[in-house]
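Q: Handing you this structure, nothing more for now.
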There are 6 protein chains.
Amino acid sequence: MPFVNIKITNEGVTSEKKAEVIAGVTRLLQQVLGKNPATTVVIIEEVPTDNWGIGGESVTARRKRGA
Amino acid sequence: MPFVNIKITNEGVTSEKKAEVIAGVTRLLQQVLGKNPATTVVIIEEVPTDNWGIGGESVTARRKRGA
Amino acid sequence: MPFVNIKITNEGVTSEKKAEVIAGVTRLLQQVLGKNPATTVVIIEEVPTDNWGIGGESVTARRKRGA
Amino acid sequence: MPFVNIKITNEGVTSEKKAEVIAGVTRLLQQVLGKNPATTVVIIEEVPTDNWGIGGESVTARRKRGA
Amino acid sequence: MPFVNIKITNEGVTSEKKAEVIAGVTRLLQQVLGKNPATTVVIIEEVPTDNWGIGGESVTARRKRGA
Amino acid sequence: MPFVNIKITNEGVTSEKKAEVIAGVTRLLQQVLGKNPATTVVIIEEVPTDNWGIGGESVTARRKRGA
C-alpha cells in the first residue's frame, strides 16, 4: 500500500525508462519492507528545469553556466 | 484552512467535473470537520498514464493488456 | 486509483471523523469521476499549528490574538 | 538540505521571476535556519486555474465572476 | 537531483530497513536514469493507520476485520 | 493563494524561527509574484533524520560519520 512520488527534471525520459523505475521501486519495497506490490503506487512527476532550483538558482541557469 | 491534493490519471476530465470535485470535497470537510469553506484549498493534479504505476507497471501498460 | 492527500491542523480529530472523511472522499470520486473505490487512497496529515502559516503568521499566533 | 515545494496558479510567471523566488527562498532558509544553500531544493509547480479550488469553486470560476 | 517521497503506514519500520530503502532507491535512479546519487533526496513519511484510507475505510478498520 | 510546503530535518527548530520562515516566504511571494499574503499558506514539515536520505544514506548515518 505504499505511495511513492518521484520528482525529476523534465528532460525526455522515455516510457521504457519510466516503466523500469516503477517496476524497480515496487520490487524494492516488496523485498525490503514486505509491501504488497499489487497496491504499491508510484507516480513520476517531470518538472521543467526553469522550475527546479538548487543552490539558489534554477537548473536552467546552472546548465547554461556549465555547472 | 485544509489543503487537499488530488492526483488522478490524465484522461480528459472536464472542467465541470473538476468543479464538482472541488465543491464536493470542500462541503465534506465543512460537514464532517467543521472547516471553513472560504479557506479550503483543493488542487487537482492530472498525471500521464505513463507516469503512474500500480502493481509494478504503468497504467499505460495495464490498459494495453486489458487489466 | 486516485490518490488524495488532506492536510489539516493537528487539533484532536477523532478516528471516527477521519473514517468519515475517508469514506466521503472515496464516494465522491466514485460518483463524480467514476473512480474505483477499491484502489482509491486517502491520506490525512495532521500539522501542528506552529507549523501552519496563513496570512504570514502561524495558526498558533492567529489563535492567540483571536483571529 | 531543505526541500521546498511551491504551488501557484499557472498564469505566465516568467523564468526571471521564478529565478527570483528560488534565490529568495534559499537565502531565507540560510538566514533564518542556517541551512546550506548548496543542498536546498526549490520546486515550483504551476497549476491550471481549472484545477485549483478555493472557497468551493475553481479559480477559473472565481475570476469569471470577478471575485 | 531527484526528489523521492515515500509514504508508508507507521508500523515500526527499523532504521536499518529505512537505510536499505534509501540506498536502494538512490541506486535504482542512478542505474536507470543516470541520476547523481550525491544529490538524490529520499524522504520516508510514516502515516498512522487511522489516517490512511483505502477502499473507503481506514487501514485500522481493515486490519480489525481481517482484510 | 500560493501553497508552500517546506520539509526540513527534525532538529529542534523553535516556534519563533518557524514564524520567521512563514513571514519571510509570504512576503517574498508578495514582492516577487504579487501574491495576496492573506491567502498564502505555508506548511513546515519536520522529518526525523532516520527518514531523510541524501547521497544514498540517512542523515543520521551521515552525522555519525561526521559528513
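The values are calculated or read from the model by the stated rules, or taken from the named source; none is laboratory data. Worth saying up front: this structure is predicted, and the values here are computed from it rather than measured. Glycine gets a Cβ as well: all are built from the backbone with ideal geometry, and neighbour counts include every protein chain shown. All accessible areas refer to the heavy atoms of the entire protein, side chains included, with ligands and DNA or RNA removed. Shrake-Rupley method; radii C 1.70, N 1.55, O 1.52, S 1.80 Å.
Q: Give the stretch A:23-42 a look and list any residue that's among the polar types (S, T, N, Q) and open to solvent by less than 10 Å² (accessible area, probe 1.4 Å), or say none.
A: Result: A:T26, A:T40.
Q: Now for a separate question. Just to check your reading of the model, which residue among D:G34, D:G55, D:G66 is small (G, A, S), at positive phi and within 14 Å of chain B (Cβ to nearest Cβ)?
A: Matching residue, one of D:G34, D:G55, D:G66: D:G55.
Q: From B:T60, B:T49, grab the single residue that is among the polar types (S, T, N, Q) and in contact (Cβ under 8 Å) with a residue 40 or more places away in the chain.
A: Criteria check complete, one pass: B:T49.
Q: Here are D:N10, D:N5: which of them is within 14 Å of chain B (Cβ to nearest Cβ), in contact (Cβ under 8 Å) with a residue 24 or more places away in the chain, surrounded by fewer than 18 Cβ atoms within 10 Å (Cβ to Cβ) and not aromatic (F, W, Y)?
A: Values: D:N5 fails: surrounded by fewer than 18 Cβ atoms within 10 Å (Cβ to Cβ).
It is D:N10.
Q: Okay, moving on. What residue, of D:V42, D:V47, is more than 9 Å from chain A (Cβ to nearest Cβ) and within 28 Å of B:I22 (Cβ to Cβ)? Talk me through it step by step, then tell me what you get.
A: On the way: D:V42 fails: more than 9 Å from chain A (Cβ to nearest Cβ).
Answer to the check: D:V47.
Q: While we're looking at this one, here's another question. Can you pull out every residue in the stretch A:1-20 that is within 30 Å of E:R63 (Cα to Cα) and of a type outside the set (S, T, N, Q)? Working first, answer last.
A: Step one: of the stretch A:1-20, the residues within 30 Å of E:R63 (Cα to Cα) are A:1-6.
Residues satisfying the conditions are A:M1, A:P2, A:F3, A:V4, A:I6.
Q: So which strands (runs of 3 or more DSSP E) stay within chain C end to end and still have 1 or more residues that are under 11 Å from E:G53 (Cβ atoms) and hydrophobic (A, V, I, L, M, F, W, C)?
A: Result: C:3-9, C:41-47.
Q: A further question on this structure: Which of the numbered conditions does F:T60 fail, given that it passes all the others? Conditions: (1) hydroxyl-bearing (S, T, Y); (2) within 11 Å of chain E (Cβ to nearest Cβ); (3) crowded, with 19+ Cβ neighbours inside 10 Å.
A: (3) is the only condition that F:T60 fails.
Q: Have a look at D:E20, D:E16, D:E45 and point out the one that is of a type in the set (D, E, K, R) and either buried (at least 22 other Cβ atoms within 10 Å of the Cβ) or in contact with a strand residue (DSSP E or B) (Cβ under 6 Å, 6 or more places away or on another chain) (or both). Can you show your working first?
A: On the way: D:E20 fails: either buried (at least 22 other Cβ atoms within 10 Å of the Cβ) or in contact with a strand residue (DSSP E or B) (Cβ under 6 Å, 6 or more places away or on another chain) (or both); D:E16 fails: either buried (at least 22 other Cβ atoms within 10 Å of the Cβ) or in contact with a strand residue (DSSP E or B) (Cβ under 6 Å, 6 or more places away or on another chain) (or both).
Being of a type in the set (D, E, K, R) and either buried (at least 22 other Cβ atoms within 10 Å of the Cβ) or in contact with a strand residue (DSSP E or B) (Cβ under 6 Å, 6 or more places away or on another chain) (or both) holds for just one of D:E20, D:E16, D:E45, which is D:E45.
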